[in-house]
Amino acid sequence: MRARTRTTRRVVVLAAVASLGAGLLAGCADDGGDASDGSSSGSGKGKTTITLGLFGTQGFKEAGLYKEYEKLNPNIKIQETVVEQNANYYPALVNHLTTNSGLQDVQAVEVGNIAEVTDKFADKLVDFSKVSGVDKSQWLDWKWQQATTSGGQTIGLGTDIGPMAICYRKDLFEQAGLPTDRDEVGKLWAGDWNKLVTAGENYKKKAPKGTYFMDSPGGLLNAVISSEKTKFFDASGKVIYKTNPAIKDAFDLTAKAAEEGLVQPQTQFQPAWNSTIANNKFAAIACPPWMLGYLKGQSKPEATGKWDVAAAPKAGNWGGTFLTVPKSGKNVTEAEKLAAWLTAPEQLAKLFSVQGSFPSTPGSYTQPLVTDAKNAMTADAPIGKIFADAAKSIPTQVIGPKDQVVQDGLTNNGVILVTKGKSAAEAWETATKTIDNNLEQ
C-alpha cells in the first residue's frame, strides 16, 4: 500500500477484505443467478440483480442496508464488488468509463477523483438532477456542487463527508497544563491555525516525557489546507498551488511546527505511526469522524475515554464519496432508485451509527442516531453535534482533477522532510519538483 492519505483512508480505518484480481470491475449486472461472493442473501432467481462497484468498506452491507432494501423490494437482489484500495479501484474505473464497458450498475467515486470524473466522463453517467425523487436540497450545497458540471449536470449522489475537528488526549493536556474541557480547548485556537501551533508550543513547555503535540506533519498540513476554499487548482482546472498563498502559508506553518518539534516525524497510517497511537506518544490529531474508529482500532484498552473532541480552528473537510450510475448499465432505472435510497438522510444516519461515516445530508443531523451518538474513545462527547456543526460551516471548495497528486507531494515529499533536517525552503523545492514531474508540468 502506498502512503495512505484521504483516498485510501477507508482501507486503513475499516480494513476491508477484498479481491484484487483481474476482474475488479468486470461484471455487469446480471438478472437472476446466485451471488458468488456471499454479499447478498437469497438465490436471486427471477430477481433483478443490482451490482455496485466500491472501494474499501463503504459500510452499506455492514449497516444492513442491502437487506433492508431487498425486503422493501422483493424483486431486487444487491451484489457488491469491493476493491480494497482506491489506488487500484480508480484506474480500473477510468478504463471502464473510457471504453464505456464493464461497468457495474452503481460505481463509487472518491472525493479526490470526483472532479476528474465530472469533467471527463459526465456524458457516460446519469444526471441525478433530472432523476425523479432526487431533491438536491437534501445534501449540503457544497457536496452537491462537487459532483456538478458547469452546465448543471450532477453525476453523483454524496454519501459521507469528513468534517474536521481536533481530537486530543485529556490526560496529556492536563499534564502539560492546558485546559481539558472541550469548549475551553476549542477557544485556544478558534479561528486561526496559527493559534493551534501556539497551543503546541505551550504544550511542549510542560509536555509529558516522550510525547509530541501532534501526530504528524502531514496530518497538520492536510487539516489546514482542508479549510481553504481554493487549494491546488482554480475553477478552470489550472494548476495554482505554487502561486496560491494559502497553500504556501499552510506549508510554512506546518514546517514551523516540524522545526520546533511539535509534530512527530511520522507518516500517517504507517506501522510506526500506528504504534505511536498505542503508546500514547502524541496529544492531538486532526480528526474527521472516521478517525475515531482508527484511534480505537490502534489504541490499547486503557485509552478508552481519555480522548475528547474539540472544534477545529476553521471548518474543513477530509474525505467523502459519491455514488454514480453509468448510463451503459443493464439496470439503470433500478440503480438510480437504489443509489437515491442509499444516500437518503435516514440511511446515511444508520451508516454513521454503524460505520462512523458522517452523512452529507443535513436531514440526518437531527435524527437520534446522530444527535445521540457517542464514541467509546471520547466518553460522552456529543460527536454527532460537534461534527454536524462543523459540516454546516465547510466552505465550497474547488476540487481539482489531480488534487491527490499535489497533496501527496506536499506531504510525502515535502513537510515530512523538515522532520529529517531539511529546511522549509528545501522541502518546498523538493515537493514542487516532485509534483510538477507527476503532473507533467
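The values are calculated or read from the model by the stated rules, or taken from the named source; none is laboratory data. Predicted, not measured: the structure shown is a model, and the values here were computed from it. When we count neighbours, we look across all protein chains shown, and the Cβ atoms used for this are built from the backbone with ideal geometry, even at glycine.
Numbers below:
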item	result
When residues of segment 72-88 are limited to those that are part of a helix (DSSP H, G or I) and closer than 21 Å to Phe352 by Cβ, the one modelled with the highest pLDDT	Leu72
Subset of segment 172-187 (residues that are surrounded by 16 or more Cβ atoms within 10 Å (Cβ to Cβ) and without any contact (Cβ under 8 Å) to a residue 24 or more places away in the chain)	Pro179
Residue in segment 298-310 that is of a type outside the set (Phe, Trp, Tyr) and surrounded by 24 or more Cβ atoms within 10 Å (Cβ to Cβ) present	yes
Pair list, Cβ < 8 Å and 6+ apart or interchain, from segment 100-119 residues that are modelled with pLDDT of 95 or more and part of a helix (DSSP H, G or I) to residues that are hydroxyl-bearing (Ser, Thr, Tyr) and surrounded by 24 or more Cβ atoms within 10 Å (Cβ to Cβ)	Val117/Thr324
Tally, over segment 135-154, of residues that are in a loop (DSSP other than H, G, I, E, B) and either over 16 Å from Ala122 (Cα atoms) or in the same structural domain as Tyr294 (by TED's automatic domain parsing) (or both)	3
Failed item, numbered, when Asp141 is tested on (1) surrounded by fewer than 18 Cβ atoms within 10 Å (Cβ to Cβ); (2) at pLDDT 95 or above	(2)
Considering residues of segment 361-382 that are in contact (Cβ under 8 Å) with a residue 24 or more places away in the chain and assigned to a loop (DSSP other than H, G, I, E, B) only, the residue nearest to Lys306 (Cα to Cα)	Ala379
Matching residues in segment 57-67 - criterion: being in contact (Cβ under 8 Å) with a residue 60 or more places away in the chain and more than 9 Å from Val354 (Cα to Cα)	Thr57, Gln58, Phe60, Gly64, Leu65
Some residue of segment 155-171 being of a type in the set (Phe, Trp, Tyr), assigned to a helix (DSSP H, G or I) and either at pLDDT 95 or above or surrounded by fewer than 24 Cβ atoms within 10 Å (Cβ to Cβ) (or both)	no
Output for segment 229-245, where each listed residue is touching a residue at least 40 places away in the same chain (Cβ under 8 Å) and either acidic (Asp, Glu) or in a loop (DSSP other than H, G, I, E, B) (or both)	Lys229, Thr230, Lys231, Phe232, Asp234, Ala235, Gly237, Tyr241, Lys242
Cβ pairs under 7 Å, 6+ apart, first in segment 260-280 and in contact (Cβ under 8 Å) with a residue 12 or more places away in the chain and assigned by TED's automatic domain parsing to the domain that holds Thr198, second in a loop (DSSP other than H, G, I, E, B) and among the hydrophobic types (A, V, I, L, M, F, W, C)	Thr267/Ala3
Single unsatisfied condition, Thr366 versus (1) among the polar types (S, T, N, Q); (2) touching a helix residue (DSSP H, G or I) at 6+ places or on another chain (Cβ under 8 Å); (3) over 15 Å from Phe60 (Cβ atoms)	(2)
Residue within segment 216-228 that is touching a residue at least 12 places away in the same chain (Cβ under 8 Å), surrounded by fewer than 24 Cβ atoms within 10 Å (Cβ to Cβ) and not in a helix (DSSP H, G or I) present	yes
Every residue from segment 383-441 that is of a type outside the set (A, V, I, L, M, F, W, C), outside any helix (DSSP H, G or I) and under 30 Å from Thr366 (Cβ atoms)	Pro395, Thr396, Gln397
Count of segment 231-266 residues which are out of contact with any Pro (no Cβ under 9 Å at 6 or more places or on another chain), surrounded by fewer than 24 Cβ atoms within 10 Å (Cβ to Cβ) and under 25 Å from Ile114 (Cα atoms)	14
